[in-house]
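Accompanying notes for the structure given below.
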Amino acid sequence: MIRKFYKSILAFALVANISFSNVIAQDAAPATDAAAATSAAPADGGGDAAKGEELFKNNCAQCHATTAEVVVGPGLAGLEERRDYAWIKKWINNPMAVIASGDKYANDLYNKYNKTQMTAFGAFGDAEVKAILAYVKASAAPVATPTTGTAVATAAPETGGGKFMNVILITLLIIMALVLVALIGVLQVLNRLSNGEGEHLSFGESLKANFKTIAANKTVRTAVIWTFVLLATKASFDGMYGVGVHQGYAPKQPIAFSHKLHAGEMKINCAYCHTGVYKGKQSGIPSANICMNCHNAIKRESPEIQKIYTAIETNKPIEWVRVHNLPDLAYFNHAQHTNVGGIECKNCHGEIEKMEVVQQRSTLTMGWCIDCHRKTEVNGKDNAYYTKLMEAHSQVSKGAMKVQDNGGLECARCHY
Ligand code: HEC
Ligand code: HEC
Ligand code: HEC
Ligand code: HEC
Ligand code: HEC
Ligand code: HEC
């Protein structure tokens, strides 16, 4: 009687553990990154500051902050109190010319910043310069203007990746094992009690006997069979979608380069280093020369920076370890997504600007690509060709035109 009761508890514990771990596995399943995909938030258009923000972020932010903080050049807060408009405009259009003209302020500044040359923006007219100044002023104001254009869908909740899952699974397995041992012990005691006279089986023998009783129990057998079925299903699903294969991969790099510092705190534009990202298939990893734009002057003495010099002197490229890698059979193009599709880096890569070491956040599986193509609308902004397509689409279908309506699910688009 009591034995039966304990045996069913054992069976229940098994089943409960298994299904529990599976539920968690489902919950933690990724593929939410793609869900956050939206096309870039439309530029606010309301006034100069919004335009200024865009100009500033794309051209100035890698060297200047809008506060008083020094990045590569001086912080621009309070600029208009220091300098008059005419000077600022001349400076932005051609800083070297202002310096060459003998302007004392400019020369002092130039020397103070170790003769770092600021890029010239010859094409900027009054509209651009004024827009930037408006933005600098607005963002210096204590009541922060709602930063337009950055109000984008937040990245997917970080699930903590595969590591967390493994910890949970292993813990559950250990608990299961402990429960099993404990129950066997209880069974043994009960056995002895119910048999009354101690049969004096050795520990090993009684263990064996107990295992036999357990194995003979229908409930336990069912539980074991179900466990196998569930695990096998999970394994094959994981295999099919490749879930978590490389997700979370964050190899150590030869130089302790930090995106958190460069892209996050210093706000260097991604495309300043990943020059191909809006133009071509590959984003590209920056060559040491790009680092030297700044590091020929900054932190020369750091051993990490010395590695950049060594790379240049010995003419050996820095051997960065590749993080994201699709198999050759699949075709992926950055420009198509960032430029044409208007998708932001973080929808696929997570918040790189917060990472000390780059980590793969999305699964990069076929299911992941397809899932986003099903959900995401084609970005028709400023694209006459798409506007026509969308008109045609709206005549045959009510919903918005998704990537899948434009061939985004055709095998040949992604496989040669
Ligand atoms: C490659 C880095 C770099 C970029 C990009 C850059 N600057 Fe500069 N800027 C500097 C440096 C360095 C100085 C300090 C003077 C010097 O060394 O030439 C400076 C000085 C200035 C000054 C004078 C500041 C003062 O306190 O008087 C202004 C104004 C300025 N930059 C505006 C801009 C604007 C606007 C942009 C974007 C359109 C921009 N800069 C882009 C590096 C840069
Ligand atoms: C100052 C230069 C610089 C800037 C700015 C920069 N990166 Fe990088 N990025 C690198 C370097 C160098 C590597 C290779 C080393 C590494 O992985 O950390 C890299 C690697 C990466 C990788 C991984 C590449 C791989 O091997 O799969 C991604 C993704 C990436 N960057 C995205 C971004 C995004 C998004 C931004 C803007 C928010 C950005 N980067 C800004 C220099 C830069
Ligand atoms: C736009 C300017 C700029 C560019 C481009 C740039 N860096 Fe930096 N980097 C900085 C600044 C500023 C610091 C912070 C220095 C400090 O801590 O005072 C820094 C710090 C670092 C550090 C930390 C050094 C230390 O010992 O604290 C490393 C490593 C580094 N950069 C590597 C790189 C590499 C590699 C590249 C090229 C892929 C690169 N940087 C490109 C401006 C730049
Ligand atoms: C639609 C998803 C998506 C978006 C958006 C995206 N990437 Fe990627 N990125 C990928 C995939 C997929 C790979 C792997 C490509 C491969 O292995 O061929 C990758 C690879 C990279 C790499 C590794 C080197 C290379 O040239 O492929 C870098 C660097 C990178 N991305 C940077 C960026 C930056 C910066 C942005 C934003 C401006 C961005 N990515 C936007 C999906 C994306
Ligand atoms: C975050 C969403 C997102 C993810 C993830 C994504 N894509 Fe896309 N993809 C888009 C959008 C949006 C477009 C449409 C761009 C345009 O307007 O042409 C697109 C277009 C494409 C196209 C061109 C299709 C056509 O219309 O001809 C190819 C090829 C493609 N993606 C391949 C991939 C591959 C391969 C992956 C996975 C490694 C992937 N994409 C992941 C959003 C995504
Ligand atoms: C949006 C892009 C995209 C489309 C559309 C697409 N695939 Fe894929 N496919 C991928 C990517 C990326 C991979 C590699 C990642 C992986 O193994 O999951 C892949 C992998 C595969 C693989 C190899 C799986 C493996 O485990 O190695 C096969 C087979 C395949 N695709 C067949 C197809 C067929 C058939 C179609 C049309 C019904 C199709 N694909 C449509 C992106 C796509």
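Amide H to amide H distances under 5 Å link Lys402 with Val378, where only residues 5 or more positions off or on other chains count and H is placed in the peptide plane. Each 5 Å bin from 0 upward holds the following percent of the Cα-Cα pairs of the stretch 92-137: 5, 21, 23, 20, 21, 9, 0. Here the extension length gained between Ala412 and Glu265 equals 48.8 nm, from 0.36 nm per residue of separation less the Cα-Cα distance. Note on the stretch 329-416: with charges restricted to the Cβ of Lys and Arg (+1) and Asp and Glu (-1), its dipole about the Cα centre is near 200 debye. Charge tally around Leu133: other residues with Cβ under 9 Å, Lys/Arg +1 each, Asp/Glu -1 each, net 0. Shown for the stretch 376-416 is the translational diffusion coefficient from the Stokes-Einstein equation, using the Kirkwood radius over Cα pairs, a temperature of 20 °C and a viscosity of 1.002 mPa s: 197 µm²/s.
Please give the residues of the stretch 276-293, grouped as numeric ranges, whose backbone N is less than 14 Å from a label point set 7 Å along the Cα-to-Cβ vector of Thr116. In the stretch 276-293, the label zone of Thr116 (backbone N under 14 Å from the point 7 Å along Cα→Cβ) covers 291-293.
Across the stretch 342-349, coupling constants 3J(HN,Hα) worked out from phi with the 6.51/-1.76/1.60 Karplus curve, θ = phi - 60°, read x, 8, 7, 3, 5, 5, 10, 9 Hz, and Gly and Pro carry x. If R0 equals 60 Å, the separation of the Cβ atoms of Glu377 and Ala216 corresponds to a calculated FRET efficiency of about 0.50.
Restriction of the GluC sites (Glu not before Pro) in the stretch 309-401 to DSSP coil positions whose beta-carbon has at most 14 other beta-carbons within 10 angstrom yields Glu319, Glu356.
Where a number appears in this text, it was derived from the coordinates with a stated rule and is not lab data. This is a predicted model, so every value here is computed, not measured. We place every Cβ from the backbone using ideal geometry, glycine too, and count neighbours over all the protein chains shown.
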